[in-house]
1. Could you list, in sequence order, the residues of the range 515-548 that are free of Cβ contacts under 8 Å to residues at least 60 places away in the same chain, under 18 Å from residue 594 (Cβ atoms) and touching a helix residue (DSSP H, G or I) at 6+ places or on another chain (Cβ under 6 Å)?
2. For the range 441-484, which positions are assigned by TED's automatic domain parsing to the domain that holds residue 515 and in a helix (DSSP H, G or I)?
3. Please tell me if residue 706 is within 36 Å of the chain's Cα centre (by Cα) and under 30 Å from residue 549 (Cα atoms).
4. With a cut-off of at least 2 residues that are modelled with pLDDT under 85, name the helices (runs of 4 or more DSSP H) lying wholly within the range 70-134.
5. Residue 227 is checked against (1) part of a helix (DSSP H, G or I); (2) free of Cβ contacts under 8 Å to residues at least 40 places away in the same chain and fails just one. What number does that condition carry?
6. Among the residues in the range 435-450, are any touching a residue at least 24 places away in the same chain (Cβ under 8 Å), surrounded by 13 or more Cβ atoms within 10 Å (Cβ to Cβ) and under 30 Å from residue 513 (Cβ atoms)?
7. If residue 212 passes every condition in (1) part of a helix (DSSP H, G or I); (2) more than 25 Å from residue 174 (Cβ to Cβ); (3) touching a helix residue (DSSP H, G or I) at 6+ places or on another chain (Cβ under 6 Å) but one, which one does it miss?
8. Tell me yes or no: at least one residue of the range 348-358 is more than 16 Å from the chain's Cα centre (by Cα), more than 18 Å from residue 524 (Cβ to Cβ) and surrounded by 23 or more Cβ atoms within 10 Å (Cβ to Cβ).
């Protein structure tokens, strides 16, 4: 019987693998775009700083016949032969020369740092992606034509579009359907039938709340025969607190959220305040323009108060890199500049879908974004300091601050006393008692401290007269404008650039005058760039509902990004999104009420032949659950899910953790192996979308992991308690809990045969194994 169980398990895992495996074409295209973006941010700046003086079209004399500023030049190599072998750094001349081993040693002015060598080696190992050669990629910069750049599709104003004429006029239920159907008909496609009610309600619950419907919730919907039953359920779920939890986690991927960060940064003990603020913002349908403003500058907005300070976690929880003060300030300046670049990248990709950080070393190679545009934004973040701030009024917090200063002084004194011999125990006990008293008698002593911001500029300066004396940081209250770093190097400053918005998105960009400029930046995103910002967020929501975006590069709406498959639909959605007060719930409702979203996911030979990737949406895409949804669905099925909302995180793999996976601890420097195995996004960087993979480790986790073992036992115990002694009833109950349906006759027979042959193991163990298999099946892991 163990053999039969193994066969069941392996069948489940093979089904999962066969269903999820990505088709090579689109996956490769997405990978290429990501690799080119990686090259522009990490590799071209290194080549530009260390190699282009002698090995580029700009060089007065090209050394060794080698050009490193174009794909053609790299492919041709130089006088010494091919410069690299993609995928094999150990066989690449480029890597050999920068290692300073025997033979050629480059660059001639001195060996690169270990981190720079590691980055170039990593690039070659990843395939050495380089943008295709073109006039734009290799010519000497001659200035950007911003007037021409503004004509690009994503920079155009969004406006409501006229509805197209369609043949199957009875099918559309919403404006969305008319645009989608018109595209289908242009490609000789017809819509799929509507999904059955059970499939539809299961899909709806997961899409809106991230949880499956309970048996009672499903039955209540099936019993409701009113014509507006579905519409009523949509509204009910959008108003449920679980909606904010599902969509809050979706946003946190883009915000690169973490509960814990590097050990040298103690100020993330209450990072969960940002997570809870995001959840609450979604639940209250905070207008998206306000959502942007508060995350960048709520402390500068007169209409918000200290309770809103956690919103600043979008910036204040940004990755921070190690800065050893004993190092020369020339090195520390580069690290600090990297942090500013990360802020620019996260903000512009998240809200604008633009890769502005690619312009740090030079004008953007593809988009109308200048290096001055980059430094105009970087100055905003150079004028902002990360601090902790109380979520109550400063006047109320003043006595708390004094009390904490006293406690800090006494704790330092206790530390010194403990080093004395003999130990002055009485004095230590007196100070300990004082500390306990002040903590209990000071009102609001335990006031939460939000990861927030202050209007202060950081300057990296020498600690002494020579580089060997190390580095110190100076914080000054006035904002600063950065110079344009030559080739991105802060140790080679060029002309000063005023803090301002992007030129291509402004008729005449005005300098930011109010403090750091964070609020002016936020307002520019939702005014000057309103159409672009709306397109980006509408596309992100669409991608989350359909598994594919109208634009398939959700964080790149520039030249290197995909073009929209349904441009009129995207413009119509974006324009009406703004007209409807930037309401994300209204956007959800429009999508969920559409006939497009309510289609069956069943394919047909005609659709597979004409549109194998379902670009034209003639059926619904089948979707694999995220790890969070998968785990939460198990906890729901076992009736163990803790419904409490908010609060500190808890370790994911703790046996006592029955909270939604949203509340599992995310440690930026030590991500849970369970999360990493299941495609959890890297919390060190902005993540545009989840990428589903199929790996042996996932299968082994399903087979042997403690999560499924524990959940299977709990579910088996529940089923037994509710249906004692009746095997068919218990099997039916298990199917209702896990799949929202009754078992088929052959499924009942298979289960009874397996459960009847207990032999040396107890019936309860056999039931647990049976439930374990069901939890690993495709049907539990996917939604149609």
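The values are calculated or read from the model by the stated rules, or taken from the named source; none is laboratory data. From a predicted model like this one, the values you see are computed outputs, not experimental measurements. Don't worry about glycine lacking a Cβ; one is built from the backbone with ideal geometry, like all the others, and counts go over all protein chains shown.
1. Within the range 515-548, 538, 541 qualify.
2. Those that are assigned by TED's automatic domain parsing to the domain that holds residue 515 and in a helix (DSSP H, G or I): 467, 468, 469.
3. Values: within 36 Å of the chain's Cα centre (by Cα): yes; under 30 Å from residue 549 (Cα atoms): no.
Taking the combined requirement at face value, the residue does not satisfy it.
4. Numbers: elements: 71-76, 93-98, 114-125.
Filter on the range 70-134 gives 71-76, 93-98.
5. Among (1) part of a helix (DSSP H, G or I); (2) free of Cβ contacts under 8 Å to residues at least 40 places away in the same chain, residue 227 violates only (1).
6. Looking for residues that are touching a residue at least 24 places away in the same chain (Cβ under 8 Å), surrounded by 13 or more Cβ atoms within 10 Å (Cβ to Cβ) and under 30 Å from residue 513 (Cβ atoms), one finds at least one in the range 435-450, hence yes.
7. Going through (1) part of a helix (DSSP H, G or I); (2) more than 25 Å from residue 174 (Cβ to Cβ); (3) touching a helix residue (DSSP H, G or I) at 6+ places or on another chain (Cβ under 6 Å) one by one, residue 212 breaks only (1).
8. Pass one, the range 348-358, residues more than 16 Å from the chain's Cα centre (by Cα): 356-358.
Next, from what is left, pick out any that are more than 18 Å from residue 524 (Cβ to Cβ): 358.
Those still in the list that are surrounded by 23 or more Cβ atoms within 10 Å (Cβ to Cβ) too: 358.
Yes, the range 348-358 contains at least one residue that is more than 16 Å from the chain's Cα centre (by Cα), more than 18 Å from residue 524 (Cβ to Cβ) and surrounded by 23 or more Cβ atoms within 10 Å (Cβ to Cβ).
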